[in-house]
Amino acid sequence: QVQLVESGGGLVQSGGSLRLSCKASGISLRFYGMGWYRQAPGKQRDLVASITTGGMRSYAESTKGRFTISRDNARNMVYLQMDSLEPEDTAVYYCNAKLSDNSDYWGQGTQVTVSS
């Protein structure tokens, strides 16, 4: 059974930091492109950051310079370091693991709330 489990969300003040973690079981993340998405109430789910199997990173414009995605294949984990958080970053954050044929898995999400 494949599971992606996110953790690290919570309530933080504007300007603060959080580090999200995504732990995989049932699959080896080294074969998957990984992404962090977020969904605010009433909005669509958007890609925040992604990292390829080779370690190439990309970010949404709104998170460039503030968020950093990383992966640890040995621990089967992916991380999202979020700095300089803003109220607009408030959302449920989801971890996604995707193969080259676009088959993928999702975690259950972790809530991030940034207060002004």
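Observations on the structure shown:
- Checking each residue in the stretch 58-106 for being of a type in the set (Lys, Arg) and either open to solvent by less than 50 Å² (accessible area, probe 1.4 Å) or within 12 Å of the chain's Cα centre (by Cα) (or both) picks out ARG66, ARG71.
- Of all residues in the stretch 79-116, those being more than 22 Å from GLY65 (Cβ to Cβ) and not in a strand (DSSP E or B) number 8.
- Answer residue from the stretch 6-42, given it is in contact (Cβ under 8 Å) with a residue 60 or more places away in the chain, hydroxyl-bearing (Ser, Thr, Tyr) and assigned to a loop (DSSP other than H, G, I, E, B) and is nearest to PHE67 (Cα to Cα) among those: SER17
- Whichever residue in the stretch 1-41 is polar (S, T, N, Q) and within 16 Å of ASN76 (Cβ to Cβ) and, among such residues, is surrounded by the fewest Cβ atoms within 10 Å (Cβ to Cβ): GLN1
- Residue under evaluation LEU47, criteria (1) open to solvent by less than 40 Å² (accessible area, probe 1.4 Å); (2) in a strand (DSSP E or B); (3) of a type in the set (A, V, I, L, M, F, W, C), criterion not met: (1)
- Residue check: THR52 meets all listed conditions (1) under 14 Å from the mean Cα position of the chain (by Cα); (2) closer than 17 Å to LEU20 by Cα; (3) of a type outside the set (Phe, Trp, Tyr) but one, namely (2).
The values are calculated or read from the model by the stated rules, or taken from the named source; none is laboratory data. As the structure is a computational prediction, the values presented were derived from the model and not from experiment. Note: ideal-geometry Cβ built from the backbone for every residue, glycine included; neighbour counts use all protein chains shown. For accessibility, only protein heavy atoms count, side chains too; no ligands or nucleic acids. Shrake-Rupley method; radii C 1.70, N 1.55, O 1.52, S 1.80 Å.
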